[in-house]
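Single-structure report; data block below.
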C-alpha cells in the first residue's frame, strides 16, 4: 500500500474501492449465487450500505466535495441492494434494514439539523459584520459545502428568494454609496420583457396543454421563475449600491455582477463616451449586455474576479459600469486612491 500510495493518491484508491463494491454486487447478482450461498444477501447489503459510503468518505474527506454527498452514496446503496437482491433474499435482508435504516435516517436528520444550526449561527455572525446578503450567502454556503458549483448555485437561489420576497427595507444613503438605477433608464426595458414573458406564458400554456399538461406546467413554472429572477435583480439594483467600504471598492449591478477590489489595486476610472463600439469591447456590469447604459470605466492594476449569475466567475482587468453620480464617483475614487 505504501508503494502504491507513493504513485497513486489514497483518495483515488478509496474511490475505486467504493466503485468496486457496486461492481462486485452487480457481478454477483448476475451469477445467481444466492441459492447456494444465502449469506450473500447479508454481505451485499452490508457492503453497499456501509463499506461503499465509508470508502467514499475517505476518498473525499480532503477534497472540496461536500461531506453530505456520503448520504447520497448510502441511499444509492440501499436502492441498489433492494433492486439486485431476489425477493426471498430481500426478506432476509429487510431484517438488516429494520435496524440499520432507522439509525441511518436519524443520522441524516441529525446531520441536517446540525448543519442548519451552524448555518444559522454563522448567518448571525456574518450579518453583524456585513450588510450585503449576497456576499453573506456566498460565504456561508462556501463554508458549509465547500467552493463547489452546488454551493454557488444554492447561494444564488437563496439570494433570489431573499431579494424577491423578503427584503423590502431601503438601504440607507451615504456619501460612500452610489446608486445606479435612478438615471439609467433600464426599468422600461425590464417591464417590457416581463410583459412579453407573461403574455407568452399564457398563450404557450394554453397551446402546449392541448398536447401535454405536464409539459405546459413545466414551461409555465420556468417562465414564472424567470419573472421572479427579474424582480429580485431589479430590487437588488435598488438595495445593493456601489460602495466604498473599509479600503475596498464594491462594484455591484443587482444580482448580475459583483466585484470587490482593494482600492490599492484600482488603477483609476474614466468617463465612457457614447462610442458604442468602445463600450462593447469592455467587460460590462450589466444583465442585458449592450442594452444597458454604461458611463464609467474602472481599470485595475491586476486581474480581478467578477462574479455573475449563479456564482459564475471570470477575471477582468477593467470593467464598464453605470453610476448615477459619475463625476462624484470618479473624484471620490481618485481621492480614496491617493489617500
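The values are calculated or read from the model by the stated rules, or taken from the named source; none is laboratory data. Since this is a predicted model, take the numbers as computed values, not measurements. Backbone-built Cβ (ideal geometry, glycine too); neighbour counts: all protein chains shown.
Within 18 Å of residue 174 (Cα to Cα) and at pLDDT 90 or above: is that true of residue 336 in this structure? No. At least 3 residues being closer than 25 Å to residue 190 by Cα and either modelled with pLDDT of 85 or more or not assigned by TED's automatic domain parsing to the domain that holds residue 230 (or both) is the threshold, and among the strands (runs of 3 or more DSSP E) wholly inside segment 246-320 those reaching it are 248-253, 257-262, 296-307.
Conditions tested, residue by residue: (1) buried (at least 20 other Cβ atoms within 10 Å of the Cβ); (2) touching a residue at least 60 places away in the same chain (Cβ under 8 Å); (3) more than 19 Å from residue 14 (Cα to Cα); (4) in contact with a strand residue (DSSP E or B) (Cβ under 8 Å, 6 or more places away or on another chain).
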residue: 55; (1), (2), (3), (4): yes, no, no, no
residue: 69; (1), (2), (3), (4): no, no, no, no
residue: 73; (1), (2), (3), (4): yes, no, no, no
residue: 80; (1), (2), (3), (4): yes, no, yes, no
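Among the residues of segment 23-61, the one identified as assigned to a loop (DSSP other than H, G, I, E, B) and at pLDDT 75 or above is 61.
For segment 171-186, a residue qualifies if it is under 18 Å from residue 248 (Cβ atoms) and in a loop (DSSP other than H, G, I, E, B), and the qualifying residues are 171, 174, 175, 176, 180.
Inspect all residues belonging to segment 190-212 and state whether any of them is at pLDDT 85 or above, part of a loop (DSSP other than H, G, I, E, B) and within 25 Å of residue 286 (Cα to Cα). The answer is no, given that none of the residues of segment 190-212 is at pLDDT 85 or above, part of a loop (DSSP other than H, G, I, E, B) and within 25 Å of residue 286 (Cα to Cα). When segment 152-178 is filtered for residues that are modelled with pLDDT under 80 and surrounded by 14 or more Cβ atoms within 10 Å (Cβ to Cβ), the ones remaining, listed by number, are 167, 171.
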